[in-house]
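The structure appears right after this line, and notes come after that.
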Amino acid sequence: MHKLFKQSTILFIAMALVTTTFGSVAMAQSQYRDHERTGEKMAVDAVLLRPAGLLATALGSLVFLVSVPFSALGGNTKEAYEEMVKKPARYTFKRQLGDF
């Protein structure tokens, strides 16, 4: 029981960190759009944001799989897939390096 509680706590903290990171990035993107890609932006993107995006995609996929029965009952499976899997994957793999 103690081990399960520890693992659940670690998973919750990781999900909270990823969610907070993406919320902050999304808010910064909506308030300030600078299309100039510099070496510094590319480095930050490659070292911090892409790995965070990969983690968010993996965690979002896992959460989506767990939530499929509930979203199917609610009739919003496509929306859940879009928000939990496609958006993080698009952010991680489709945009140009350093383009926020």
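Residues in region 75-100 that are among the polar types (S, T, N, Q), in a loop (DSSP other than H, G, I, E, B) and touching a residue at least 12 places away in the same chain (Cβ under 8 Å): how many?
Step one: filter region 75-100 for residues among the polar types (S, T, N, Q), giving 76-77, 92, 96.
After this cut, where a residue has to be in a loop (DSSP other than H, G, I, E, B) as well, the list is 76, 96.
From what is left, the residues that are touching a residue at least 12 places away in the same chain (Cβ under 8 Å) are 96.
Number satisfying all stated conditions: 1.
Which residue pairs have Cβ atoms under 8 Å apart, sit 6 or more places apart or on different chains, and have a first residue in region 50-66 that is farther than 9 Å from Thr92 by Cβ and free of Cβ contacts under 8 Å to residues at least 24 places away in the same chain and a second that is of a type outside the set (S, T, N, Q) and assigned to a helix (DSSP H, G or I)?
Phe64/Ala80; Phe64/Tyr81; Phe64/Met84; Phe64/Val85
Looking at (1) at pLDDT 90 or above; (2) out of contact with any helix residue (DSSP H, G or I) (no Cβ under 6 Å at 6 or more places or on another chain), which is the one condition that is false for Ala80?
Going through (1) at pLDDT 90 or above; (2) out of contact with any helix residue (DSSP H, G or I) (no Cβ under 6 Å at 6 or more places or on another chain) one by one, Ala80 breaks only (2).
From the list Ala72, Ala43, Ala14, pick out the single residue that is surrounded by 11 or more Cβ atoms within 10 Å (Cβ to Cβ), modelled with pLDDT under 90, more than 18 Å from Lys94 (Cβ to Cβ) and of a type in the set (Gly, Ala, Ser). Let's see the steps before the verdict.
On the way: Ala72 fails: modelled with pLDDT under 90; Ala43 fails: modelled with pLDDT under 90.
None of the other options fit; the residue is Ala14.
The values are calculated or read from the model by the stated rules, or taken from the named source; none is laboratory data. What you are looking at is a predicted structure, and each value in this text was computed from that prediction instead of being measured. Neighbour counts are summed over all protein chains in view; Cβ atoms, including those assigned to glycine, are modelled from backbone coordinates with ideal geometry.
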